[in-house]
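In what follows, a single structure is set out as structure tokens and then discussed.
The values are calculated or read from the model by the stated rules, or taken from the named source; none is laboratory data. Source: prediction; values computed, not measured. Cβ atoms come from the backbone with ideal geometry, glycine included; neighbour counts cover every protein chain shown.
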Amino acid sequence: MVHTLIIGSGTAGCVLAARLSEDPGHTVRVVEAGSHWAHSDDFPPELADSAELPLGDRASWLWRYSVALTPDRPGTIVRGRGIGGSGSVNGSYFIRAAARDFAAWSGETGSRSWDFGAALPYFRALENDHDYGDHPGHGRAGPVPVRRIVRPTPLIQEFGAACRDLGFGEVADWNALPGGPESGVGPVPCTVGPPDASGRRHRIGPAHSYLLPALSRPNLTVQGDTLVIRLRFQGTRVTGADCLIDGKPETIRAERVVLCAGAIESAALLLRSGIGPGEQSAALGIPVVAEVPVGGWFTDHPEIGIDYRHPAPAGRSVPLEYVLEFDDIEIRPYTVAFIPGAYRMGVTLMRPTSAGSIRLTTADPLTAPRIEHGYLETADDRTRLRDAVELAGQILESMAAEPLGAAGPVSDRWLRDRLGTSQHLAGTCRMGRAGDPRAVVDDRFRVHGVAGLSVVDLSVVPVPLSRGPQATVVLLAERATAELR
């Protein structure tokens, strides 16, 4: 029996495994459904270059899910599968959630423990900011390297100039105090290495910054190709997990279990284990352990993609060098090509009022859950996106870019035809007070009504985040370490 069983080696799992195993008397076992890459050289080479988004249709390091963005707009989302999870395949974007996000978060938990002032010491401790490490609110001694692109590509230079011409100020540091600038245009802090001789920057995800340096510890075991089927209980206390290891059944016993499988898989595992809406569990023949609203609410960032042509030469850089922020909109001039011969500008609503849900259709662990995003359900969301798309059109016009596709007024149908997602799904195991009809875990990550079980990943975030989630997930795991030691 181990002290702590961690299910999932994504961002949160890597951080927790490294931190908890710092105590040599505490045994930690990590199980991962994907591949276990024990050394940097074991990682697929496609994951090394931060200029790539290695999300191809045949990539073995991805989970793939069919989703309903709206009732009549299907889509597909992916998640990282393997050591480091999505942190090993993402765009390396590392902007902290804003102070207003943490204020809303604290409001949901009913305590000040999740306001920005409480989060700031953890942000400082986890980062090694190569640009602003000596500035207030920053750090230089943490495991996470943070860098910004000093010389943006010609396309991004034009984007920045167009935004400034429209009256937006320059933001040098999105992670600056007090709690992040509210609006402006500026470089994205990224978790990348310095440029090599060819100008390439390596993606440095949580596996490299946390887990790999800890693998030599005798009290830490990491096991790949292990699918967790369900959790085991004695009454309402978790005692371990039933797994398939290389296709063979095995039960792992543990004093404590921490789910770090991500907002989709953590929720699905709870539901398969009888922790969820009782009526849904009973309908699938799953014995009810605890009636908790797992999967009843989640949020994600709806994104409208505008493809365009521009004469600027393609550059080898991170996928997002700069972003424009205003109100609750983020406009993203991607440097990677989503379609041949064209660029894409993403127009993203960061605090949508629409919400989605996830539920099982069968108890079979090999069947993906039903995921319904519920995008554009509120008039407010549609109005804010329409206005933002019109501003993006002004930026493209200032850049002398040529938008592709049918022109015309930005109607609701126009939005749906171009609707995508930022793939930042969060909140399926929402944090909140006992008695909150939407809460699954408390403010210390413990599942309501179940002993010995915690959830530590993006699934617990109870509010939409106005920035991308990677920095927040690292923060979550660092904070959870203090609770679980």
*Residue among P121, P152 that is out of contact with any Lys or Arg (no Cβ under 7 Å at 6 or more places or on another chain) and in contact (Cβ under 8 Å) with a residue 24 or more places away in the chain*: P152
*Taking the options V318, V323, V336, name whichever one is in contact with a Pro (Cβ under 9 Å, 6 or more places away or on another chain), over 30 Å from L227 (Cβ atoms), crowded, with 21+ Cβ neighbours inside 10 Å and among the β-branched types (V, I, T).*
V323
*Which members of region 149-189 meet the condition of being of a type in the set (S, T, N, Q) and assigned to a loop (DSSP other than H, G, I, E, B)?*
T153, N175, S183
*asked:* Anything in region 425-443 that is surrounded by fewer than 18 Cβ atoms within 10 Å (Cβ to Cβ) and small (G, A, S)? List them, or say none.
replied: A434, G435
*Options G87, G133, G82, G139; residue that is out of contact with any Pro (no Cβ under 7 Å at 6 or more places or on another chain) and closer than 30 Å to D442 by Cβ*: G139
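Conditions tested, residue by residue: (1) closer than 30 Å to V347 by Cα; (2) aliphatic (A, V, I, L, M); (3) under 20 Å from the mean Cα position of the chain (by Cα).
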position: V146; (1), (2), (3): yes, yes, yes
position: V150; (1), (2), (3): yes, yes, no
position: R200; (1), (2), (3): yes, no, no
position: G224; (1), (2), (3): no, no, no
position: D242; (1), (2), (3): no, no, no
_Residues of region 394-416 that turn out to be within 13 Å of I306 (Cβ to Cβ), under 28 Å from the mean Cα position of the chain (by Cα) and without any contact (Cβ under 8 Å) to a residue 60 or more places away in the chain, as a count_ = 1
*region 229-262, subset under 19 Å from A290 (Cα atoms) and in contact with a helix residue (DSSP H, G or I) (Cβ under 6 Å, 6 or more places away or on another chain), residue surrounded by the most Cβ atoms within 10 Å (Cβ to Cβ)*: L259
_Number of positions in region 286-316 that are closer than 30 Å to A439 by Cβ, hydrophobic (A, V, I, L, M, F, W, C) and assigned to a strand (DSSP E or B)_ = 2
*asked:* Scan region 220-229 and tell me whether some residue there is in a strand (DSSP E or B) and without any contact (Cβ under 8 Å) to a residue 60 or more places away in the chain.
replied: no
*Take region 318-333 and flag every residue that is more than 25 Å from G205 (Cα to Cα), of a type outside the set (D, E, K, R) and over 18 Å from the mean Cα position of the chain (by Cα).*
F326
*Filter region 71-116 for residues that are of a type in the set (K, R) and under 22 Å from H138 (Cβ atoms); which is nearest to the chain's Cα centre (by Cα)?*
R96
*Return yes when Y308 is among the aromatic types (F, W, Y), under 10 Å from I156 (Cβ atoms) and at pLDDT 95 or above and no when it is not.*
no
*strands (runs of 3 or more DSSP E) contained in region 1-120 and holding at least 2 residues modelled with pLDDT of 95 or more and loosely packed, with under 15 Cβ neighbours inside 10 Å*: 62-70, 73-80
*Matching residues in region 17-47 - criterion: being closer than 19 Å to G142 by Cβ and touching a strand residue (DSSP E or B) at 6+ places or on another chain (Cβ under 6 Å)*: A17, L20, S21
*Determine if region 264-280 includes at least one residue that is surrounded by fewer than 17 Cβ atoms within 10 Å (Cβ to Cβ), part of a strand (DSSP E or B) and touching a residue at least 12 places away in the same chain (Cβ under 8 Å).*
no
*Looking at (1) more than 27 Å from the chain's Cα centre (by Cα); (2) crowded, with 20+ Cβ neighbours inside 10 Å; (3) farther than 18 Å from I329 by Cα, find the lone condition where I371 falls short.*
(1)
*Go over the candidates R164, R200, R151, R217 one by one and state the one that is surrounded by fewer than 20 Cβ atoms within 10 Å (Cβ to Cβ) and within 20 Å of A48 (Cβ to Cβ).*
R200
*Selection count where residues are among the small types (G, A, S), within 30 Å of I275 (Cβ to Cβ) and outside any loop (DSSP other than H, G, I, E, B), scope region 317-359*: 2
*asked:* Please count how many residues of region 337-367 are small (G, A, S) and either modelled with pLDDT under 95 or farther than 18 Å from T70 by Cα (or both).
replied: 5
*asked:* Quick check on my filter: what residues within region 368-411 are closer than 20 Å to V67 by Cα and of a type outside the set (K, R)?
replied: A368, P369, I371, E372, H373, G374, Y375, L376, E377, T378, D381
*Would you say S317 is closer than 30 Å to P187 by Cα and not aliphatic (A, V, I, L, M)?*
yes
